[in-house]
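The values are calculated or read from the model by the stated rules, or taken from the named source; none is laboratory data. Here the structure is a predicted model, which means the values were calculated and not measured. Cβ placement follows ideal geometry from the backbone for every residue including glycine, while neighbour counts extend to all protein chains displayed.
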Amino acid sequence: MPPKKKFRSIPRKKNKFKGNRYQKKTKKIETEQSRKEALPETSGDSSGDEEHVETEKAASFKNLPASVRKMKAESSDSSKESNDDELEHVNGFRFIDIAILAAVFESLLCPSCKQGHVVFDEDKESKMGLASLLILKCTTRKCSFYKSFYTSAKANNSKAFEVNRRAVLATRNIGVGHQGLAKFACVMNMLPPMNENAYRDHVQAVRDAAERTAKKSMSEAADKLKEFYEPDEEGVYNIAVSGDGTWRKRGFSSSFGVVTVLSTITGKALDCEIMSKECGECKLRRGKEGTEEFDEWWEQHQHKCHANFAGSSGSMDSAGMLAIFERSVQQHNTRYVEFLGDGDSKAHNLLIQENVYGEIDISKLECVGHVQKRLGSRLRSLKKRQGTTRLADGKAIGGKGRLTDKRIDKLQVYYGKAIRQNTHDIDCMQNAVMAIWHHSKSTDENPDHDLCPPGEQSWCGFQRDISKGTADYVHESPIPEAVADAIYPTFEALSDESLLSRCLHGGTQNQNEAINGLIWQRATKETHASTPTVELATFLAVGHFNDGSKTLLTVLEALGIDPGYHCRKACKKLDHDRIRHSRRKSQEESKKRRRQLRNYKKGFTETLEAREGPSYEAGAF
Ligand SMILES: [Zn+2]
Ligand SMILES: [Zn+2]
Ligand SMILES: [Zn+2]
């Protein structure tokens with residue numbers, strides 16, 4: 001009997017399962033550690049200045065790295081510990097070679113007649129997706145021993161098998177659809193999974209569970225955020241948000257879009273709107289409009305039609321944003337009165353035009369990252385426009401020692417820093433921007449450092465000399481006067497009060513870009529998608545963005561499935577690794593390294609030190 005032999009050839013399991021003697025202990029330590037990781041020491045909990053809508057607490061909070069901020073904003077109440085009983089049980093799914101299992105059973109005596117052996121079979125006709133119906137019978141003819149069982153339990157209050165629900169959630173969470181699951185099963189020498197229709201039904205169920213999870217997460221995020229604000233007379237919280245729209249396909253043909261709104265303080269998602277120009281069911285009935293049959297169908301269908309937008313893709317963004325703003329009071333008891341949007345103000349204009357909050361204005365904030373880039377792009381286009389035209393000193397704007405690309409990059413970096421380091425005061429910010437221009441054109445004969453910050457810690461070497469009583473500073477490569485005159489209007493424009501006042505929040509849209517990435521990872525742009533797929537992707541992304549991998553536990557629970565020991569443990573590990581990774585990433589040291597690397601890639605031969613000093617604060621530039 002070959003299978004028997006096969007079984008014998010398997011090395012005997014060395015360790016018996018002893019019920020995770022060690023895991024309980026290590027688990028406790030791990031939780032404590034991860035909690036420490038997640039909650040860094042609070043930087044001087046200053047008492048909130050109640051004059052500002054946004055408290056000081058909020059300002060210091062904003063300085064933390066994004067993922068830490070999100071974790072920190074999470075309620076400090078310990079997350080539900082996994083059931084201790086569970087540790088005592090072997091549970092979850094394994095890949096089992098069915099021949100091995102068959103061999104194991106064959107080595108057993110029949111429990112009924114105690115003479116025959118148990119043979120094992122699979123009823124392929126009765127398989128339900130990934131759940132197989134296995135049968136045990138006795139080899140003795142007269143014996144009636146017969147047992148059949150499915151390889152998966154069913155979800156609570158549902159006819160669906162747990163394994164199928166899990167497989168659909170798992171595949172959609174990594175951006176793989178039915179095709180992907182089928183291909184996976186193929187290589188694994190498994191029976192094919194459920195058919196496409198069944199997969200679609202599972203997607204719908206998982207989508208509903210993910211929606212409940214995401215909505216709950218966003219409500220909690222909004223409640224938590226209120227600690228940073230004071231309510232107005234009506235008891236409504238007026239808050240600042242960063243909003244962005246993202247498209248499934250580039251260009252005009254995009255039929256799906258997602259608009260998200262995040263808090264500028266905690267960085268958590270507060271609301272999302274999925275926009276769709278197409279509906280699968282409507283598509284099937286195209287051309288039948290006007291018939292009685294169609295009218296009858298439409299009567300029912302209109303309430304659940306997936307298409308919720310008919311305009312151009314370009315205005316999908318604004319329409320989604322409007323929907324989100326219009327429901328903010330009812331949904332979270334908040335008004336989004338400060339709006340950090342991308343460069344084009346289409347959405348903001350629509351919000352103003354629609355008078356969403358009546359008397360209360362919605363002010364537009366600028367993304368510091370985008371504004372910073374304006375200096376570079378304006379100087380580059382100035383240089384291009386000027387070309388070889390001679391300036392007042394008879395030379396062109398470019399060339400050695402003049403407005404080189406390297407110099408432009410440098411000025412852009414300083415401009416960004418001038419904004420970021422002066423988010424407390426508009427005058428200081430304006431001064432800091434103009435200081436760059438004055439400082440850069442200073443020469444030994446003609447120093448112009450009045451706007452540079454004084455003191456021994458100043459980034460300006462000239463000012464450091466003054467406070468230390470030394471005279472070490474040398475003006476190494478000042479911008480020639482004619483060039484300085486040519487770029488002055490750019491500095492003037494970019495130190496404009498109304499522009500810079502929209503940068504006082506100091507925030508960027510990087511977080512929006514991050515959540516957009518999470519969404520399309522789960523509904524890849526390359527494969528076909530339907531509305532439920534995009535919705536599921538969005539809800540999973542929002543949950544993950546706000547709460548990390550443990551959002552999957554909540555989705556499973558919402559599906560009537562106990563996530564299980566291994567799932568909980570893996571989620572915890574994924575989140576732990578994510579925080580550790582982002583902390584390391586955010587450390588100043590590695591930031592510097594990345595900048596250096598970027599510069600090298602650009603072909604800069606000078607080291608960072610030579611380029612801008614050890615750092616902006618202490619270096620000499
Ligand atoms: Zn028997
Ligand atoms: Zn429809
Ligand atoms: Zn200076």
Fill in the blank from the handout: Going through region 168-207 in order, the residues found to be out of contact with any Phe, Trp or Tyr (no Cβ under 9 Å at 6 or more places or on another chain) and of a type in the set (D, E, K, R) are R172, K183, E196, R200, D201
Completion exercise
Here, helices (runs of 4 or more DSSP H) confined to region 516-588 with at least 1 residues that are crowded, with 23+ Cβ neighbours inside 10 Å and aromatic (F, W, Y) are 531-547
Exercise for the section: Considering only region 306-321, state which residues are within 16 Å of ligand 2 (Cβ to nearest atom) and either surrounded by 15 or more Cβ atoms within 10 Å (Cβ to Cβ) or touching a residue at least 40 places away in the same chain (Cβ under 8 Å) (or both). Expected result: H306, A307, N308, F309
Handout entry: Of all residues making up region 87-110, the number that are at pLDDT below 90, within 13 Å of ligand 1 (Cβ to nearest atom) and not in a helix (DSSP H, G or I)
Key = 1
Problem - Some residue of region 287-299 being at pLDDT 85 or above and within 11 Å of ligand 2 (Cβ to nearest atom) - result: yes
Handout entry: Extreme residue, nearest to ligand 1 (Cβ to nearest atom), among residues of region 284-333 that are more than 37 Å from the chain's Cα centre (by Cα) and aromatic (F, W, Y)
Key = W297
Fill in the blank from the handout: R385 vs (1) farther than 27 Å from I239 by Cβ; (2) touching a Ser or Thr at 6+ places or on another chain (Cβ under 9 Å); (3) not hydrophobic (A, V, I, L, M, F, W, C): all pass except (2)
Exercise for the section: Among the residues of region 120-153, write down those that are assigned to a strand (DSSP E or B), within 16 Å of ligand 1 (Cβ to nearest atom) and surrounded by fewer than 16 Cβ atoms within 10 Å (Cβ to Cβ). Expected result: D121, I135, Y146, K147, S148
Exercise for the section: Could you tell me whether any residue of region 476-490 is touching a helix residue (DSSP H, G or I) at 6+ places or on another chain (Cβ under 7 Å), near ligand 3 (Cβ under 10 Å from one of its atoms) and small (G, A, S)? Expected result: no
Fill in the blank from the handout: Restricting attention to region 459-507, the residues that are under 42 Å from the mean Cα position of the chain (by Cα), over 15 Å from I436 (Cβ atoms) and of a type in the set (S, T, Y) number exactly 2
Practice task
Among the numbered conditions (1) closer than 30 Å to D405 by Cβ; (2) touching a Gly at 6+ places or on another chain (Cβ under 8 Å); (3) of a type in the set (A, V, I, L, M, F, W, C), tell me where F339 comes up short.
Solution key: (1)
Exercise for the section: State all residues of region 94-122 that are in contact with a Phe, Trp or Tyr (Cβ under 8 Å, 6 or more places away or on another chain), farther than 11 Å from K137 by Cβ and small (G, A, S); if no residue qualifies, say none. Expected result: A102, A103, S107
Exercise for the section: For N512, work out the one condition from (1) out of contact with any Leu (no Cβ under 9 Å at 6 or more places or on another chain); (2) surrounded by 18 or more Cβ atoms within 10 Å (Cβ to Cβ); (3) not hydrophobic (A, V, I, L, M, F, W, C) it doesn't fulfil. Expected result: (1)
